[in-house]
Amino acid sequence: MFSTTVMGVEVPLLPLFIGVGMLAVFAAYASWRLLQPWPLSEWEAVIHIAADTVVLGYLLYFTGGASNPFVTLLLVPIALAAAALTIRGVSAVAALAGIAYVLLVPFHVSLPTSGSQVTDFDLHVAGMGVNFIITAILLGVFISNLARTLRVQQSEVQRVRERALRDEGILAIATQAAGAAHELNTPLSTMRTLLPELRREHADDTVLAEDLELLQGQVERCRTILREMVAFGQAQLSQVPERVTLSAFLHGCLERFQLLRPEADLEVTLDDAAGATMLRSPPGLRHALINLLNNAVDASSMNDSAAVALEARVDGAWLELIVRDHGPGFDESDDDLGTLGLSRKTTGLGLGLALAEATAERLNGELAAINTDQGAEMRLRLPLAVIGEPS
(Lines give C-alpha, C1' and ligand atoms only; values in the text may rest on other atoms or scores of the structure.)
Protein backbone atom coordinates (compact mmCIF):
# COMPACT_ATOMS: atom_id res chain seq x y z
CA MET A 1 0.00 0.00 0.00
CA PHE A 2 2.81 2.43 0.86
CA SER A 3 4.68 1.56 -2.34
CA THR A 4 1.58 2.15 -4.46
CA THR A 5 0.28 5.36 -2.88
CA VAL A 6 3.49 7.13 -1.86
CA MET A 7 6.26 5.74 -4.06
CA GLY A 8 4.06 5.21 -7.11
CA VAL A 9 5.19 1.61 -7.67
CA GLU A 10 2.30 -0.40 -9.07
CA VAL A 11 2.16 -3.87 -7.51
CA PRO A 12 -0.71 -6.41 -7.52
CA LEU A 13 -2.35 -5.55 -4.19
CA LEU A 14 -5.05 -8.23 -4.14
CA PRO A 15 -2.67 -11.23 -4.24
CA LEU A 16 -0.48 -9.53 -1.65
CA PHE A 17 -3.42 -8.93 0.70
CA ILE A 18 -4.42 -12.58 0.26
CA GLY A 19 -0.90 -13.66 1.25
CA VAL A 20 -0.86 -11.38 4.31
CA GLY A 21 -4.30 -12.71 5.27
CA MET A 22 -3.10 -16.30 5.04
CA LEU A 23 -0.10 -15.42 7.19
CA ALA A 24 -2.35 -13.77 9.79
CA VAL A 25 -4.62 -16.83 9.94
CA PHE A 26 -1.64 -19.13 10.35
CA ALA A 27 -0.17 -16.88 13.06
CA ALA A 28 -3.48 -17.07 14.96
CA TYR A 29 -3.41 -20.86 14.69
CA ALA A 30 0.22 -20.96 15.87
CA SER A 31 -0.66 -18.81 18.90
CA TRP A 32 -3.51 -21.18 19.76
CA ARG A 33 -1.24 -24.19 19.32
CA LEU A 34 1.34 -22.82 21.75
CA LEU A 35 -1.33 -22.58 24.46
CA GLN A 36 -2.11 -26.30 24.26
CA PRO A 37 -0.70 -28.67 26.90
CA TRP A 38 0.89 -31.23 24.58
CA PRO A 39 4.58 -30.61 23.73
CA LEU A 40 5.80 -29.08 20.49
CA SER A 41 7.94 -31.48 18.48
CA GLU A 42 10.87 -30.41 16.34
CA TRP A 43 9.24 -31.38 13.08
CA GLU A 44 6.10 -29.48 13.99
CA ALA A 45 8.32 -26.42 14.45
CA VAL A 46 9.87 -27.12 11.04
CA ILE A 47 6.39 -27.23 9.48
CA HIS A 48 5.52 -23.89 11.08
CA ILE A 49 8.72 -22.32 9.72
CA ALA A 50 8.05 -23.89 6.32
CA ALA A 51 4.59 -22.31 6.24
CA ASP A 52 6.08 -18.87 6.93
CA THR A 53 8.73 -19.44 4.25
CA VAL A 54 6.16 -20.50 1.65
CA VAL A 55 4.01 -17.43 2.31
CA LEU A 56 7.09 -15.19 2.13
CA GLY A 57 8.02 -16.79 -1.19
CA TYR A 58 4.45 -16.22 -2.41
CA LEU A 59 4.69 -12.50 -1.56
CA LEU A 60 8.10 -12.23 -3.23
CA TYR A 61 6.73 -13.91 -6.36
CA PHE A 62 4.36 -10.97 -6.95
CA THR A 63 7.01 -8.35 -6.09
CA GLY A 64 9.99 -9.05 -8.33
CA GLY A 65 11.17 -12.45 -7.06
CA ALA A 66 14.92 -12.71 -6.48
CA SER A 67 15.43 -9.11 -7.67
CA ASN A 68 13.39 -7.81 -4.71
CA PRO A 69 15.78 -6.45 -2.04
CA PHE A 70 13.62 -8.15 0.62
CA VAL A 71 14.54 -11.59 -0.73
CA THR A 72 17.23 -11.88 1.96
CA LEU A 73 14.40 -12.24 4.50
CA LEU A 74 14.54 -15.91 3.50
CA LEU A 75 17.67 -16.10 5.67
CA VAL A 76 15.74 -15.19 8.84
CA PRO A 77 13.97 -18.59 9.20
CA ILE A 78 17.34 -20.32 8.78
CA ALA A 79 18.90 -18.20 11.53
CA LEU A 80 16.01 -18.86 13.90
CA ALA A 81 16.08 -22.59 13.15
CA ALA A 82 19.84 -22.73 13.73
CA ALA A 83 19.35 -21.28 17.21
CA ALA A 84 16.64 -23.71 18.28
CA LEU A 85 16.60 -26.89 16.16
CA THR A 86 18.92 -29.82 15.53
CA ILE A 87 21.04 -30.12 12.41
CA ARG A 88 18.32 -32.14 10.65
CA GLY A 89 15.70 -29.47 11.28
CA VAL A 90 18.06 -26.67 10.21
CA SER A 91 18.95 -28.59 7.05
CA ALA A 92 15.28 -28.99 6.15
CA VAL A 93 14.59 -25.27 6.66
CA ALA A 94 17.71 -24.26 4.73
CA ALA A 95 16.79 -26.58 1.84
CA LEU A 96 13.28 -25.12 1.66
CA ALA A 97 14.58 -21.54 1.71
CA GLY A 98 17.16 -22.40 -0.98
CA ILE A 99 14.51 -23.98 -3.21
CA ALA A 100 12.29 -20.92 -2.77
CA TYR A 101 15.16 -18.61 -3.77
CA VAL A 102 16.08 -20.70 -6.84
CA LEU A 103 12.45 -20.81 -8.04
CA LEU A 104 12.05 -17.05 -7.57
CA VAL A 105 14.87 -16.37 -10.03
CA PRO A 106 13.00 -17.48 -13.20
CA PHE A 107 9.43 -17.42 -11.86
CA HIS A 108 8.16 -14.05 -10.64
CA VAL A 109 6.09 -11.05 -11.55
CA SER A 110 8.54 -8.28 -12.44
CA LEU A 111 8.30 -4.97 -10.65
CA PRO A 112 7.37 -1.99 -12.84
CA THR A 113 10.20 0.37 -13.73
CA SER A 114 10.23 4.15 -13.72
CA GLY A 115 12.13 4.37 -16.99
CA SER A 116 15.23 5.76 -15.28
CA GLN A 117 18.01 3.41 -14.24
CA VAL A 118 19.21 5.90 -11.59
CA THR A 119 15.77 6.11 -9.99
CA ASP A 120 15.31 2.35 -10.08
CA PHE A 121 18.73 1.83 -8.49
CA ASP A 122 17.96 4.39 -5.75
CA LEU A 123 14.70 2.58 -5.01
CA HIS A 124 16.57 -0.73 -4.82
CA VAL A 125 19.13 0.71 -2.42
CA ALA A 126 16.36 2.21 -0.27
CA GLY A 127 14.64 -1.16 -0.20
CA MET A 128 17.89 -2.82 0.86
CA GLY A 129 18.20 -0.31 3.70
CA VAL A 130 14.67 -0.99 4.94
CA ASN A 131 15.31 -4.72 4.59
CA PHE A 132 18.49 -4.40 6.67
CA ILE A 133 16.60 -2.61 9.45
CA ILE A 134 13.78 -5.20 9.46
CA THR A 135 16.24 -8.11 9.47
CA ALA A 136 18.29 -6.59 12.30
CA ILE A 137 15.17 -6.03 14.42
CA LEU A 138 13.83 -9.53 13.78
CA LEU A 139 17.12 -11.25 14.54
CA GLY A 140 17.87 -9.04 17.55
CA VAL A 141 14.46 -9.52 19.16
CA PHE A 142 13.91 -13.20 18.42
CA ILE A 143 17.45 -14.38 19.07
CA SER A 144 17.69 -12.45 22.35
CA ASN A 145 14.32 -13.83 23.50
CA LEU A 146 15.36 -17.32 22.50
CA ALA A 147 18.68 -17.00 24.33
CA ARG A 148 16.90 -15.75 27.45
CA THR A 149 14.47 -18.67 27.31
CA LEU A 150 17.36 -21.12 26.96
CA ARG A 151 19.12 -19.58 29.96
CA VAL A 152 15.96 -19.90 32.04
CA GLN A 153 15.57 -23.54 30.96
CA GLN A 154 19.20 -24.30 31.80
CA SER A 155 18.77 -22.71 35.22
CA GLU A 156 15.62 -24.78 35.82
CA VAL A 157 17.39 -27.96 34.71
CA GLN A 158 20.24 -27.21 37.10
CA ARG A 159 17.79 -26.57 39.94
CA VAL A 160 15.94 -29.82 39.20
CA ARG A 161 19.24 -31.70 39.11
CA GLU A 162 20.25 -30.28 42.50
CA ARG A 163 16.86 -31.21 43.94
CA ALA A 164 17.17 -34.73 42.53
CA LEU A 165 20.61 -35.15 44.11
CA ARG A 166 19.34 -33.86 47.44
CA ASP A 167 16.26 -36.11 47.32
CA GLU A 168 18.49 -39.05 46.45
CA GLY A 169 20.57 -38.28 49.55
CA ILE A 170 17.43 -38.00 51.68
CA LEU A 171 16.21 -41.33 50.32
CA ALA A 172 19.54 -42.96 51.17
CA ILE A 173 19.35 -41.58 54.71
CA ALA A 174 15.74 -42.76 55.02
CA THR A 175 16.75 -46.25 53.88
CA GLN A 176 19.55 -46.37 56.44
CA ALA A 177 17.16 -45.05 59.12
CA ALA A 178 14.64 -47.77 58.33
CA GLY A 179 17.31 -50.42 58.63
CA ALA A 180 18.59 -48.92 61.88
CA ALA A 181 15.06 -48.77 63.30
CA HIS A 182 14.56 -52.45 62.50
CA GLU A 183 17.87 -53.40 64.15
CA LEU A 184 17.30 -51.20 67.23
CA ASN A 185 13.99 -52.85 67.99
CA THR A 186 15.71 -56.04 69.22
CA PRO A 187 18.10 -54.49 71.79
CA LEU A 188 15.34 -52.14 72.98
CA SER A 189 13.04 -55.11 73.55
CA THR A 190 15.81 -56.85 75.48
CA MET A 191 16.41 -53.80 77.68
CA ARG A 192 12.67 -53.36 78.17
CA THR A 193 12.52 -56.94 79.49
CA LEU A 194 15.58 -56.73 81.75
CA LEU A 195 15.03 -53.30 83.33
CA PRO A 196 11.94 -54.27 85.41
CA GLU A 197 13.84 -57.30 86.74
CA LEU A 198 16.83 -55.12 87.65
CA ARG A 199 14.52 -52.68 89.42
CA ARG A 200 13.01 -55.51 91.48
CA GLU A 201 16.43 -56.93 92.36
CA HIS A 202 17.76 -53.53 93.47
CA ALA A 203 14.62 -52.11 95.02
CA ASP A 204 16.57 -51.35 98.23
CA ASP A 205 19.10 -49.13 96.41
CA THR A 206 17.18 -45.89 96.03
CA VAL A 207 19.71 -44.09 93.84
CA LEU A 208 20.14 -47.04 91.47
CA ALA A 209 16.36 -47.57 91.35
CA GLU A 210 15.87 -43.96 90.26
CA ASP A 211 18.50 -44.33 87.55
CA LEU A 212 16.93 -47.55 86.36
CA GLU A 213 13.51 -45.90 86.27
CA LEU A 214 14.91 -43.05 84.20
CA LEU A 215 16.61 -45.52 81.88
CA GLN A 216 13.37 -47.47 81.47
CA GLY A 217 11.58 -44.25 80.59
CA GLN A 218 14.18 -43.48 77.94
CA VAL A 219 13.81 -46.98 76.48
CA GLU A 220 10.06 -46.50 76.25
CA ARG A 221 10.67 -43.15 74.59
CA CYS A 222 12.91 -44.80 72.01
CA ARG A 223 10.27 -47.43 71.29
CA THR A 224 7.68 -44.70 70.87
CA ILE A 225 9.93 -42.87 68.40
CA LEU A 226 10.38 -46.07 66.39
CA ARG A 227 6.63 -46.65 66.26
CA GLU A 228 6.14 -43.05 65.12
CA MET A 229 8.72 -43.59 62.37
CA VAL A 230 6.81 -46.64 61.12
CA ALA A 231 3.49 -44.79 61.30
CA PHE A 232 5.00 -41.85 59.44
CA GLY A 233 6.28 -44.12 56.68
CA GLN A 234 2.89 -45.78 56.32
CA ALA A 235 1.21 -42.39 56.13
CA GLN A 236 3.66 -41.29 53.42
CA LEU A 237 2.98 -44.41 51.38
CA SER A 238 -0.79 -44.04 51.68
CA GLN A 239 -0.61 -40.36 50.62
CA VAL A 240 -3.61 -39.66 52.84
CA PRO A 241 -3.27 -36.21 54.43
CA GLU A 242 -4.35 -35.46 57.97
CA ARG A 243 -7.48 -33.27 58.04
CA VAL A 244 -7.16 -30.90 60.95
CA THR A 245 -7.52 -27.21 61.79
CA LEU A 246 -4.42 -25.06 61.83
CA SER A 247 -4.85 -24.57 65.58
CA ALA A 248 -4.98 -28.30 66.24
CA PHE A 249 -2.05 -28.92 63.90
CA LEU A 250 0.10 -26.41 65.76
CA HIS A 251 -1.01 -27.80 69.12
CA GLY A 252 0.16 -31.29 68.13
CA CYS A 253 3.48 -29.93 66.84
CA LEU A 254 4.12 -27.91 69.99
CA GLU A 255 3.32 -30.83 72.29
CA ARG A 256 5.94 -32.92 70.51
CA PHE A 257 8.42 -30.05 70.43
CA GLN A 258 8.11 -29.29 74.14
CA LEU A 259 8.80 -32.94 74.94
CA LEU A 260 11.96 -32.74 72.84
CA ARG A 261 13.10 -29.32 74.05
CA PRO A 262 11.56 -28.58 77.46
CA GLU A 263 14.04 -25.78 78.06
CA ALA A 264 12.66 -23.68 75.16
CA ASP A 265 10.81 -20.44 75.97
CA LEU A 266 8.30 -20.56 73.13
CA GLU A 267 5.97 -17.70 72.18
CA VAL A 268 3.14 -18.58 69.79
CA THR A 269 1.10 -16.06 67.78
CA LEU A 270 -2.07 -17.29 66.09
CA ASP A 271 -5.30 -15.38 65.55
CA ASP A 272 -8.66 -17.13 65.78
CA ALA A 273 -9.53 -16.69 62.10
CA ALA A 274 -6.30 -18.33 60.93
CA GLY A 275 -6.56 -21.03 63.61
CA ALA A 276 -9.92 -22.17 62.24
CA THR A 277 -8.44 -22.80 58.77
CA MET A 278 -8.83 -26.44 57.78
CA LEU A 279 -5.71 -28.14 56.49
CA ARG A 280 -4.91 -31.32 54.63
CA SER A 281 -1.63 -31.70 56.47
CA PRO A 282 0.84 -34.13 54.89
CA PRO A 283 2.93 -36.13 57.38
CA GLY A 284 6.17 -34.37 56.50
CA LEU A 285 4.89 -30.90 57.36
CA ARG A 286 4.78 -31.61 61.10
CA HIS A 287 8.40 -32.77 61.09
CA ALA A 288 9.48 -29.79 58.98
CA LEU A 289 8.04 -27.33 61.51
CA ILE A 290 9.57 -29.19 64.46
CA ASN A 291 12.95 -29.16 62.72
CA LEU A 292 12.73 -25.39 62.26
CA LEU A 293 11.78 -24.90 65.91
CA ASN A 294 14.59 -27.18 67.04
CA ASN A 295 17.13 -25.24 64.94
CA ALA A 296 15.78 -21.99 66.37
CA VAL A 297 16.38 -23.17 69.94
CA ASP A 298 19.93 -24.18 69.04
CA ALA A 299 20.53 -20.77 67.42
CA SER A 300 19.17 -18.88 70.44
CA SER A 301 21.34 -20.92 72.79
CA MET A 302 24.42 -19.54 71.03
CA ASN A 303 23.52 -16.16 72.57
CA ASP A 304 22.62 -17.72 75.94
CA SER A 305 18.92 -17.43 75.25
CA ALA A 306 16.05 -19.93 75.10
CA ALA A 307 13.53 -17.58 73.47
CA VAL A 308 11.84 -18.79 70.29
CA ALA A 309 8.79 -17.32 68.54
CA LEU A 310 6.33 -19.03 66.22
CA GLU A 311 3.80 -17.06 64.20
CA ALA A 312 1.18 -18.72 61.99
CA ARG A 313 -0.95 -16.63 59.68
CA VAL A 314 -2.94 -16.80 56.48
CA ASP A 315 -1.78 -14.30 53.86
CA GLY A 316 -4.24 -14.42 50.98
CA ALA A 317 -3.83 -17.78 49.30
CA TRP A 318 -0.78 -18.70 51.38
CA LEU A 319 -0.18 -20.18 54.81
CA GLU A 320 2.88 -18.71 56.50
CA LEU A 321 4.69 -20.43 59.39
CA ILE A 322 7.33 -18.04 60.73
CA VAL A 323 9.95 -19.18 63.25
CA ARG A 324 12.14 -16.53 64.90
CA ASP A 325 15.15 -17.01 67.13
CA HIS A 326 17.53 -14.81 69.13
CA GLY A 327 20.72 -16.25 67.70
CA PRO A 328 23.60 -14.77 65.67
CA GLY A 329 21.67 -14.94 62.39
CA PHE A 330 22.75 -16.24 59.01
CA ASP A 331 25.70 -15.22 56.90
CA GLU A 332 24.01 -13.38 54.01
CA SER A 333 26.81 -14.42 51.63
CA ASP A 334 26.24 -18.09 52.43
CA ASP A 335 24.47 -19.93 49.61
CA ASP A 336 24.73 -23.41 51.18
CA LEU A 337 21.77 -23.16 53.56
CA GLY A 338 19.63 -26.25 53.28
CA THR A 339 22.42 -28.34 51.78
CA LEU A 340 22.06 -31.95 52.83
CA GLY A 341 24.73 -32.99 55.33
CA LEU A 342 26.00 -29.43 55.90
CA SER A 343 25.39 -27.96 59.35
CA ARG A 344 26.55 -24.79 61.12
CA LYS A 345 26.20 -26.53 64.49
CA THR A 346 29.04 -28.62 65.90
CA THR A 347 26.55 -31.31 66.90
CA GLY A 348 24.29 -30.99 63.84
CA LEU A 349 23.76 -33.58 61.13
CA GLY A 350 22.78 -31.15 58.37
CA LEU A 351 19.32 -32.68 57.95
CA GLY A 352 16.84 -30.23 59.51
CA LEU A 353 16.87 -27.41 56.95
CA ALA A 354 17.34 -29.82 54.02
CA LEU A 355 14.27 -31.83 55.03
CA ALA A 356 12.22 -28.68 55.67
CA GLU A 357 13.19 -27.23 52.30
CA ALA A 358 12.41 -30.53 50.55
CA THR A 359 8.97 -30.57 52.19
CA ALA A 360 8.31 -26.97 51.10
CA GLU A 361 9.24 -27.70 47.49
CA ARG A 362 7.19 -30.90 47.43
CA LEU A 363 4.13 -28.84 48.49
CA ASN A 364 4.84 -26.10 45.90
CA GLY A 365 5.91 -23.73 48.66
CA GLU A 366 9.11 -22.01 49.65
CA LEU A 367 11.43 -21.70 52.63
CA ALA A 368 13.21 -18.37 53.11
CA ALA A 369 15.86 -17.32 55.65
CA ILE A 370 15.84 -13.67 56.76
CA ASN A 371 18.06 -11.89 59.27
CA THR A 372 16.28 -9.69 61.83
CA ASP A 373 17.37 -7.30 64.57
CA GLN A 374 17.01 -10.05 67.20
CA GLY A 375 18.40 -12.98 65.22
CA ALA A 376 17.08 -14.95 62.26
CA GLU A 377 13.68 -15.72 60.81
CA MET A 378 12.69 -18.83 58.86
CA ARG A 379 9.57 -18.26 56.78
CA LEU A 380 7.79 -21.37 55.49
CA ARG A 381 5.18 -20.37 52.88
CA LEU A 382 2.74 -22.97 51.60
CA PRO A 383 -0.13 -22.53 49.12
CA LEU A 384 -3.56 -23.19 50.61
CA ALA A 385 -4.56 -24.59 47.24
CA VAL A 386 -2.29 -27.55 48.06
CA ILE A 387 -2.60 -28.02 51.81
CA GLY A 388 -5.92 -26.26 52.52
CA GLU A 389 -9.17 -28.19 52.87
CA PRO A 390 -11.54 -27.05 50.08
CA SER A 391 -14.76 -25.41 51.29
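Let me have the relative contact order for the range 13-157, percent, based on Cα pairs under 8 Å that are six or more residues apart.
27 percent
Please work out the ratio of the alpha-carbon Rg of the range 252-320 to 2.2 N^0.38 Å and round it to two decimals.
Details: Rg = 13.0 Å, N = 69, 2.2 N^0.38 = 11.0 Å.
Taking N as the residue count of the range 252-320, the ratio is 1.19.
Could you sort 60-71, 288-299 so that the peptide with the highest average Cβ count within 10 Å comes first and the rest follow in order? Please report the intermediate quantities before stating the final value.
Details: 60-71: 19.5, 288-299: 22.7.
Descending mean neighbour count gives 288-299, 60-71.
Could I get the Rg over Rh figure for the range 13-157? Both from C-alpha atoms, Rh via Kirkwood, rounded to two places.
That ratio equals 1.02.
Per the 1.4 Å probe, what fraction of the accessible area of the range 13-157, in percent, lies on carbon and sulfur atoms?
Details: 6890 of 9050 Å².
The value for the range 13-157 is 76 percent carbon and sulfur by accessible area.
Taking the solvent-accessible surface of protein heavy atoms with a 1.4 Å probe, what is the per residue accessible area of the range 13-157 in Å²?
62 Å²
Among rounded, prolate and oblate, which fits the range 8-84 when a ≥ b ≥ c are the square roots of the eigenvalues of its C-alpha gyration tensor, a/c under 1.5 means rounded, and a/b larger than b/c means prolate? Before the final figure, lay out each step's value.
Working: a/c = 3.62, a/b = 1.67, b/c = 2.17.
Oblate.
The values are calculated or read from the model by the stated rules, or taken from the named source; none is laboratory data. Note that the structure is predicted; figures quoted are calculated from it, not measured. Every residue, glycine as well, gets a Cβ built from its backbone with ideal geometry; the counts of neighbours run over all protein chains shown. When the accessible area is computed, the model is the full protein with side chains, heavy atoms only, and any ligands, DNA or RNA have been set aside. Shrake-Rupley method; radii C 1.70, N 1.55, O 1.52, S 1.80 Å.
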